[in-house]
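Taking it in order: structure first as structure tokens, then the write-up.
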Amino acid sequence: MIRLKFDIKLSYEIADSASDFIFNIHAAQTHHQVVVIEQLYLSQPVTPVVYTDLTYGTRYMRLKAAPGPLTVCYEATVDISHHFDSPENLAEVPISQLPSEVLPYIYPSRYCQSDRLGKLVIWEFGHAQPGYRRVQAIQDWVRRRTSFLPGSSNSNTSATDTIIEQAGVCRDFAHLMIALCRAMNIPARFVTGINYGVDTKAGPTDFHAYVEVFLTNRWYTFDPSGISPPMGLVRLGTGRDAADTSFATVFGSVNSFSPVIKIEAIDGPTNGFTLPRYCTEVLSTHAAFVK
């Protein structure tokens, strides 16, 4: 089991009138990710409303803040248990056999225009071994062709933009991999979170985006950016792409400042905790679908 402790600090300056916020910064509560302890601090005397999406464990916090400064601080400790599988066991699932809940993740979405990539994926991956090996080939292709370059993209950058620019940040890597998988009729979805184990040379800790792909009867974790071990990923939000999982959506005239994020792993073999590491098995933090 992995135990990760993290904290998030968000700062805003609200202009002349009250503004509404929707945050997705709470650690998701799932069967494989348990929130041990958490604490929220708001600099203004407002009462937030927290809503939990029971399907994915995503938690949204809504509040209305008055003009002036607003600071939002959230900290949590989570325990994450992983399911490990051998790559050879993972197969693609025919559309006719997909669980109903998985169907939304085979369609194009705002940032993942899979309907425009049909010829490309047949050319690049049509002869790859179906199943995990084809998904791995897609991930490797994205890493090989895309440079991790902070500041090279913006909130409007899509998967097709990333193919052209051949540079981006974690969300761009994720959008491109998702679009390519969907173009091969492989369900894929976008996950936001925080990652442990990034090289300090990459800059300060930030929010992170990665991918889950549906194979055999589970969602499996892939991180096309490759900047940290997948075992060190904390889940915040799950959706079709970044449009569904923004850490903060603001309604009003507001200036925002860069997030301040810290994360650490708890090493405690006697208590059953191990440090995140790279491994040859494929990881999942979801229960299997019952056939």
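Rule-based calculations on the coordinates, nothing more; no lab input. Please read all numbers here as calculations on a predicted model, not as lab measurements. Virtual Cβ from ideal backbone geometry, glycine too; neighbours counted across all protein chains shown.
For the chain, the antiparallel share of DSSP beta bridges with both residues in that region comes to about 95%. Arranged from fewest to most other beta-carbon atoms within 10 Å of their beta carbon, Trp141, Trp123 become Trp123, Trp141.
Assign one of three labels to the range 186-251, namely rounded, prolate or oblate, based on the Cα gyration tensor with a ≥ b ≥ c the square roots of its eigenvalues; rounded applies when a/c is under 1.5, prolate when it is not and a/b is larger than b/c, and oblate otherwise.
oblate
Pairs of Cα atoms nearer than 8 Å and 6+ residues apart set the relative contact order; for the range 208-291 it is 41 percent. Remark on the chain: Rg and Dmax equal 19.1, 59 Å (Cα only). Annotation for Ala287 and Val34: the two label points, set 7 Å from Cα along the Cα-Cβ direction, are 1.4 nm apart. Taken about its Cα centre, the range 112-188 carries a charge dipole of roughly 220 debye when the Cβ of each Lys and Arg holds +1 and the Cβ of each Asp and Glu holds -1. Taking a Cβ cut-off of under 12 Å around Arg240, the surrounding Lys, Arg, Asp and Glu residues balance to a net charge of 0, with basic ones at +1 and acidic ones at -1. For the chain, averaging the sequence separation of C-alpha pairs within contact (under 8 Å, six or more residues apart) and dividing by the residue count gives a relative contact order of 28 percent.
With the Cα gyration tensor of the range 79-150 giving a ≥ b ≥ c as the square roots of its eigenvalues, does the rule (a/c under 1.5 for rounded; else a/b larger than b/c for prolate; else oblate) give rounded, prolate or oblate? Note, shape of the range 79-150 comes out rounded. Full extension of the chain segment joining Asp199 with Ser100 gains 31.7 nm, where the gain is 0.36 nm per residue of separation less the Cα-Cα distance. Over the residues of the chain, the helix contribution to mean residue ellipticity at 222 nm works out to -4500 deg cm²/dmol, using -39500 (n - 2.57) for each DSSP H run of at least 4. Remark: relative contact order (the range 186-252) = 41 percent; criterion is Cα-Cα distance under 8 angstrom and separation of 6 or more residues. Taken over the chain, lysine pairs spaced eight or more positions apart, or on distinct chains, with alpha carbons under 25 Å apart number 6. Among Phe207, Phe273, Ala288, whose Cα lies farthest out toward the positive end of the dipole of the chain, if unit charges sit on the beta carbon of Lys, Arg (+1) and Asp, Glu (-1)? Value computed over the given set: Ala288. A simple packing score, the average count of other Cβ atoms within 10 Å per residue, orders the peptides 175-183, 157-165, 49-57 as 175-183, 157-165, 49-57, with the highest score first. Of the peptides 218-228, 124-134, the order by per-residue mean of other Cβ atoms within 10 Å, starting with the highest, comes out as 218-228, 124-134. Placing +1 on each Lys and Arg Cβ and -1 on each Asp and Glu Cβ, with no other charges, gives the chain a dipole about its Cα centre of roughly 340 debye. Take the Cβ atoms of Asp140 and Lys9, set R0 to 51 Å, and the FRET efficiency comes out at 0.90.
Here the range 216-275 was treated as a single set of alpha-carbon atoms; its pair distances binned every 10 Å from 0 give 13, 34, 33, 16, 4, 0 percent. Counted by Cβ distance under 13 Å from Met184, the other residues give a net charge of +1, where Lys and Arg count +1 and Asp and Glu count -1.
Straightening the chain between Phe84 and Ile122 buys 10.7 nm, computed as 0.36 nm per residue apart minus the Cα-Cα spacing. The range 214-263 and the range 1-71 have their alpha-carbon centroids 14 Å apart.
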